[in-house]
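This report refers to the structure that appears directly beneath it.
The values are calculated or read from the model by the stated rules, or taken from the named source; none is laboratory data. Everything numeric in this text was worked out from a predicted model, so none of it was measured. Cβ atoms come from the backbone with ideal geometry, glycine included; neighbour counts cover every protein chain shown. To get the accessible areas, we keep the full protein, side chains included, count just its heavy atoms, and leave off ligands, DNA and RNA. Shrake-Rupley method; radii C 1.70, N 1.55, O 1.52, S 1.80 Å.
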Amino acid sequence: MDKNRIEGGAKDVKGTIKEAVGKLVGNERLEAEGKADKVEGKTQSTIGKAKDAVKDALK
């Protein structure tokens, strides 16, 4: 498993938590940061999946 998949998943979870806390306390900046972290995490995870697919195809 590519490290990007793991790191991306962690960023996605972190973003989800930040977004939820931002909504809960009414902090729009924290909510926006959470959304940005989620997008970054999903993108990084997708890159990791693609790398894994390439490695598997080359075997």
Can you give the alpha-carbon Rg of the chain over 2.2 N^0.38 Å, where N counts its residues? 1.37
Sulfur and carbon atoms: percent of accessible area, the chain [1.4 Å]: 60
Residue 40 versus residue 28, label points 7 Å from Cα toward the beta carbon: distance in nm? 2.2
Förster radius 25 Å - calculated FRET efficiency between residue 50 and residue 21 (Cβ-Cβ, nearest 0.05): 0.20
Could you calculate the contour length gain from residue 10 to residue 58, that is, 0.36 nm times the residue separation minus the distance between their Cα atoms, to one decimal place in nm? 14.5 nm
Toward the positive end of the charge dipole of the chain, about the Cα centre and with charges on Cβ (Lys, Arg +1; Asp, Glu -1), which of 32, 17, 46 goes farthest? 46
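So, with +1 on the Cβ of K and R and -1 on the Cβ of D and E, and no other charges, what is the size of the charge dipole of the chain about its Cα centre, to the nearest 20 debye?
Once rounded to the nearest 20, the dipole reads 200 debye.
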Return the aspartates and glutamates within reach of residue 55: Cα separation strictly under 14 angstrom, same-chain partners fewer than 8 residues apart disregarded; answer none if there are no such residues. 2
In this model, which of 3/35; 18/38; 3/38; 3/51; 3/23; 11/49 are farther than 19 Å apart at the alpha-carbon? 3/35; 3/23
